[in-house]
Amino acid sequence: MAFYSATGTKLLNLPEQVQKNIDDIAELKESITSLQNSKQDVTGAITESNLQAKIEDIASLSLKEVSVTGLTNTGNTVNNGTLDQEGKATAGGDQEVDGNLILNSADNVVDKDGNKLIQSAALDDFIKRYNAEAYQWKFAGACINTNEEGSSNFNPSVSMSDIVNATNLDGLFSKAEFRCDVVFPDFTASRVNFQTIVEQATATKDFTITFGAGNIFPFNMMLSASSTFYAHLTKILVADGKTCYLTPYSTNAFWGCQSVTEIGAFDMSKSQNNAGMFFGCSSLKTLNCVHWVKSFDISASTAFEESDLVEIISNLDTVTTAQTLTMGATNLAKLTQEEILVATGKGWTLA
Amino acid sequence: MTKIESKEGFVFVRKDHSAVYDNIIYLSDIDSKDNYEEMAKDEAESLKNRLISYYEEN
């Protein structure tokens, strides 16, 4: 009697039952391989010591399942969260790979028959990279640091480019320590949730945050960080040439940012409520947001010069229902009657 | 444009108590002084703190 493994490797003299098992394995594998749906190879040499494990591995396989070592489709392998064929699957939309539909949702990765794939470590990683919801807490606890100093807990695999398709960044930097500037990429989603992205975050050096293009939902965006974070965050900017909307409302967006002196050219035309947006922003001097259409309050700061206030007024859109720019008596006193008229002429009350 | 100024020791608040202002307001032509009322500074400060807490929690 000859003893060969499923891959044709000649084996040791094995008992008859063992050989039968090997033959069963080979048959099972051939059957699985011939199918067009998702499949999983069982790799590695079969030996007497691991035979039982191999049998169990193969016996546990069924069509459309995913094993701990990866998901395979014809010619395309998902390993460590990447497809070996560039662009085959990306977040932001459903993707069809050899007839199997990968839905862009953590809860729904299904094959063409609608069967849920069994989650595995590899699939989890895939989801983390390509499913937006899973970006929550992505940088939680990380040391946001671009240099070597004190970078012992900085994860070099963390990359802003990974989050371009995110829709929910709630808690993104929770408990993170900031030591350098942060630059967000352009976002593709119709709305990216930035709620409490810096909860309990700290900072040890002055830094800025710069946004790219996108539609940011900034509700409570800077709320609940530590005092060191607020002490070191100096500017919140929008990259030159980028259009970054704050939408659909900006309640408490920059709450507590006491050291921020400049806020960039966010487009406010889609923001329907700006209550509390600048509460505590006592150092704010340059506010470049454009297309204001709803009331807002900058009275927390008296650092504005006349030219700063004139710039803000110039960025008010004309409104048809009365809106109020609240700047406080101290700031109001810096404006001339003509400058005030520009605002009221656009339908804005100055208070 | 209409300028309204509150009495000494008072400031303006929105009638629905949704906002607190200082003692001077320049109204646009599409706004009305009927949308505002005067409130004693102490009381207005208390209202402002309540509003801040409300927004912080919501």
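Observations
- Using the Cβ of residue A:292 as centre and a radius below 14 Å, the other residues enclosed give a net charge of -1, where K and R count +1 and D and E count -1.
- Positive minus negative residues near residue B:35 (Lys, Arg vs Asp, Glu; Cβ under 14 Å): -3
- Tensor-based shape of segment A:273-351 (alpha-carbon gyration tensor, a/c under 1.5 rounded, otherwise prolate or oblate): oblate
- GluC sites (Glu not before Pro) within segment B:1-53, DSSP loop, no more than 12 other Cβ atoms inside 10 Å: B:8
- Computed over chain B, Cα set: Rg, Dmax in Å: 12.0, 36
- Where only alpha carbons of segment A:200-351 are counted, the Rg and the Dmax (Å): 14.8, 46
- The Cβ shell under 14 Å around residue A:262 holds other residues with a net charge of -4, Lys and Arg each +1, Asp and Glu each -1.
Since every read-out is calculated from the coordinates, none of them should be taken as a lab result. None of these values were measured; they are calculated from a predicted model. Note that we place each Cβ from the backbone using ideal geometry, even for glycine, and neighbour counts take in every protein chain shown.
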